[in-house]
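Structure first, commentary second.
The values are calculated or read from the model by the stated rules, or taken from the named source; none is laboratory data. Note that the structure is a prediction, hence the values are computed from the model and not measured. Methodologically, a virtual Cβ is constructed for each residue, glycine included, from the backbone with ideal geometry; neighbour enumeration extends over all protein chains shown. Note: areas computed on protein heavy atoms with side chains; ligands, DNA, RNA excluded. Shrake-Rupley method; radii C 1.70, N 1.55, O 1.52, S 1.80 Å.
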Amino acid sequence: MTDKTIAAISTPAGEGGIGVIRISGRTAITIADRVFKSISGKKLCELDGYTALFGHIYSDDELVDECVATVFLSPKSYTGEDVCELSCHGGGLVLSSVLRAVLQEGASLAEAGEFTKRAFLNGKMDLAEAESVMGLISAKSREELRLQLSAKSGRVSKQISEIEGFLLELSANFAAFSDYPDEDLPELSEDNFKRLLSLAKNGLDALLSTYDSGKVLREGIKTAIVGKPNVGKSTLMNMLSGENRSIVTDIAGTTRDIVENTVNLGGITLLLADTAGIRQTDDKVETVGVELAKERLHTAQLILAVFDTSLPLDKDDEEILSLLSADNTVILLNKSDVGQATSVDQFKSFKTVMVSAKTGDGIGELEKAVKEISGTANLDPSAAVLLNERQLELAKKAHSAVAEAEQLLTSGFTIDAVGVAVDDALSHLYTLDGKRVTNEVADEVFRRFCVGK
Ligand code: GDP
């Protein structure tokens, strides 16, 4: 690949106990030796991999910082190349001075994602695993972290390799069939071709089926809390977010604007919006709030519709109910600690949960209902889950190529024609995991990374 040795600050901007400069490439250790003097007098180039020296960093003979320099020797490093990591004090000025010294000695500034790109190009990880590195860094919930870790450890790649295996076996069988069409071998029978195509299709179906719930785990769910005034929407919002952002009073119509907060409910991120109470009103300002709340009913992915269970349903409740759809709504019968004038049976097709936003009763049930309605209840985050639109599009293309191959085979087309569709499916999968990928695709993937990763 490239002869260039690259360097960058790998820790985030801002002040911290430690900041790391990572250097990778053929001359990484030589360059580090030029700026680093160990206390013991030993040189970094004398070290085995996975060992470290304590010493000082100098720039033009001027002391810059104390530092622990760790050496990783190719191929046993993150990038697969020789790598030296300089762990300095984590201050902006310190780190930029050390980086400048390293660049002066011949390293080039790394581009966004270049360390991981090198790891990919050196066969340390495939493209799907590399993509999960960024996901790991930006994970915001426990479940998302599990999802990304599973991809990083190769679950998606393994599943794709298995599907590629079925298609490769088919390709080989097709070649043998073309060469020896009269051989009566079981692996060259149409039944066996169909069996392999169906295994490939089932594998792709399984991958595609988890995408939407995986997306929910990665991106969170846009959620609106709706209900008439005074049913406890703001109390619920504050309880879920552990903050007093929404104003709670007995006076109806207090929340007129939309108050937003990101909360974690049982490992799922909810992008919550507390809306104004929906009711008939002549107050101009309140009317604007009511309209905004109704708008949210159309744009939110999940609705938490709150009703006061201590009182019978009234006209305002009935109107709200008529605006809801059971597909994306959880009904919350709030104030269960006060009394029960409504029952779960009144909301037949809806998922309905008794809660008390005041005491926290029923929150476990709410969590379960949200997981069920968002499709995440049955998702195993440690399973193979596609992680982004790029992966989804390629898996879909591979799926339709396999479906086409099946169609051609059953309609009596030649094996050559079926083989073209199978090769087409394989090439999409190879682009997905990066076994065969153009520079443009790889650049596009790594452009989204941060510098230093
Ligand atoms: P909103 O207008 O729907 O946002 O309602 P609020 O959250 O402002 O609550 C209205 C009143 O109901 C306040 O006095 C709350 O303290 C009270 N409240 C809310 N939830 C509960 C609950 O679960 N139990 C009881 N007893 N009171 C509640």
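Would you check which residues across segment 314-324 are open to solvent by less than 50 Å² (accessible area, probe 1.4 Å) and assigned to a loop (DSSP other than H, G, I, E, B) and list them? Reasoning before the result, please.
So the first thing to find is which residues in segment 314-324 are open to solvent by less than 50 Å² (accessible area, probe 1.4 Å), and the list is 316-317, 320-321, 324.
The one that is open to solvent by less than 50 Å² (accessible area, probe 1.4 Å) and assigned to a loop (DSSP other than H, G, I, E, B): Leu324.
Working only within segment 332-352, note down all residues that are open to solvent by less than 50 Å² (accessible area, probe 1.4 Å), more than 13 Å from the ligand (Cβ to nearest atom) and of a type in the set (S, T, N, Q).
Correct list: Thr342, Ser343, Thr352.
Exactly one condition in (1) surrounded by fewer than 20 Cβ atoms within 10 Å (Cβ to Cβ); (2) out of contact with any strand residue (DSSP E or B) (no Cβ under 7 Å at 6 or more places or on another chain) is false for Arg100; which is it?
Unmet condition: (2).
Could you please give the count of residues in segment 353-375 that are touching a Leu at 6+ places or on another chain (Cβ under 6 Å) and surrounded by fewer than 21 Cβ atoms within 10 Å (Cβ to Cβ)?
2
Would you call Leu292 of a type in the set (A, V, I, L, M), more than 15 Å from the ligand (Cβ to nearest atom), surrounded by fewer than 22 Cβ atoms within 10 Å (Cβ to Cβ) and assigned to a helix (DSSP H, G or I)?
Values: of a type in the set (A, V, I, L, M): yes; more than 15 Å from the ligand (Cβ to nearest atom): no; surrounded by fewer than 22 Cβ atoms within 10 Å (Cβ to Cβ): yes; assigned to a helix (DSSP H, G or I): yes.
So Leu292 fails the test.
Output the residues belonging to segment 407-453 that are of a type in the set (D, E, K, R) and surrounded by 19 or more Cβ atoms within 10 Å (Cβ to Cβ). Talk me through it step by step, then tell me what you get.
First, pick out the residues of segment 407-453 that are of a type in the set (D, E, K, R): 416, 423-424, 433, 435-436, 440, 443-444, 447-448, 453.
If the condition is that a residue be of a type in the set (D, E, K, R) and surrounded by 19 or more Cβ atoms within 10 Å (Cβ to Cβ), then Asp433, Lys453 are the ones that fit.
Taking segment 90-120, which residues are in a strand (DSSP E or B) and either out of contact with any helix residue (DSSP H, G or I) (no Cβ under 8 Å at 6 or more places or on another chain) or among the β-branched types (Val, Ile, Thr) (or both)? It would help to see each step written out before you state the result.
Initial filter on segment 90-120 (in a strand (DSSP E or B)): 90, 108-109.
Answer for segment 90-120, where residues must be in a strand (DSSP E or B) and either out of contact with any helix residue (DSSP H, G or I) (no Cβ under 8 Å at 6 or more places or on another chain) or among the β-branched types (Val, Ile, Thr) (or both): Gly90, Ser108.
Could you list, in sequence order, the residues of segment 51-61 that are open to solvent by 60 Å² or more (accessible area, probe 1.4 Å) and modelled with pLDDT of 95 or more? Before you say what the answer is, go through the steps one by one.
Going residue by residue through segment 51-61, those that are open to solvent by 60 Å² or more (accessible area, probe 1.4 Å) are 54, 58, 60-61.
Answer for segment 51-61, where residues must be open to solvent by 60 Å² or more (accessible area, probe 1.4 Å) and modelled with pLDDT of 95 or more: Phe54, Tyr58.
Checking the conditions here, which among Lys124, Lys194, Lys158 is farther than 26 Å from Glu260 by Cβ, of a type in the set (Lys, Arg), outside any helix (DSSP H, G or I) and open to solvent by 50 Å² or more (accessible area, probe 1.4 Å)? Show your work before the answer.
Numbers: Lys194 fails: outside any helix (DSSP H, G or I); Lys158 fails: outside any helix (DSSP H, G or I).
None of the other options fit; the residue is Lys124.
Just checking, which of Leu199, Leu188, Leu208, Leu271 is open to solvent by 10 Å² or more (accessible area, probe 1.4 Å), modelled with pLDDT under 80 and away from the ligand (no atom under 15 Å from the Cβ)? If you could, list the steps in order and put the result at the bottom.
Working: Leu199 fails: modelled with pLDDT under 80; Leu208 fails: modelled with pLDDT under 80; Leu271 fails: modelled with pLDDT under 80.
Checking each option against the conditions leaves just Leu188.
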